[in-house]
Amino acid sequence: QLQASGGGLVQAGGSLRLSCSVSGRTFSDYAMGWFRQAPGKDRQFVATISWSGGSTKYADSVQGRFTVSRDNAKNTVYLQMNNLKPEDTAVYYCACSYYGSTNYVRAADFRKWGQGTQVTVSS
């Protein structure tokens, strides 16, 4: 089970840190990802981190502003979001990959999903 938290309302240029707590003993075997979905739009890849945390990959739209990290001892993955823009407004979902690496970024490559947390950025 995946439980995302940390969303909220923030002004443009502000920051938020999302957390995703994962239950289960195999958390550290799999890559984790963050996706987002804005109203009327498809779910969009945001970031992914490998099983060890040694490799990350980002969507071009968030590169340099967002940072994904994980703490395998705490079964938790994080998404630090800085310099937020109104176009970042969406429901953010964490997900557990079928794989250990960051080579897979489609929603279909992820086998378990959290419930989502709303991020709203005002201009």
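Residues that are within 27 Å of residue 123 (Cα to Cα) and open to solvent by 40 Å² or more (accessible area, probe 1.4 Å): find the strands (runs of 3 or more DSSP E) completely inside the range 1-113 holding 2 or more of those.
So the answer is 8-11.
Testing residue 20 on (1) in contact with a Cys (Cβ under 6 Å, 6 or more places away or on another chain); (2) within 15 Å of residue 107 (Cα to Cα), one condition comes back false. Which one is that?
(2)
Do we have any residue at all in the range 60-73 that's without any contact (Cβ under 8 Å) to a residue 60 or more places away in the chain and in contact with a helix residue (DSSP H, G or I) (Cβ under 7 Å, 6 or more places away or on another chain)?
yes
The values are calculated or read from the model by the stated rules, or taken from the named source; none is laboratory data. Everything numeric in this text was worked out from a predicted model, so none of it was measured. Virtual Cβ from ideal backbone geometry, glycine too; neighbours counted across all protein chains shown. The accessibility values were calculated without ligands, DNA or RNA, using every heavy atom of the protein model including side chains. Shrake-Rupley method; radii C 1.70, N 1.55, O 1.52, S 1.80 Å.
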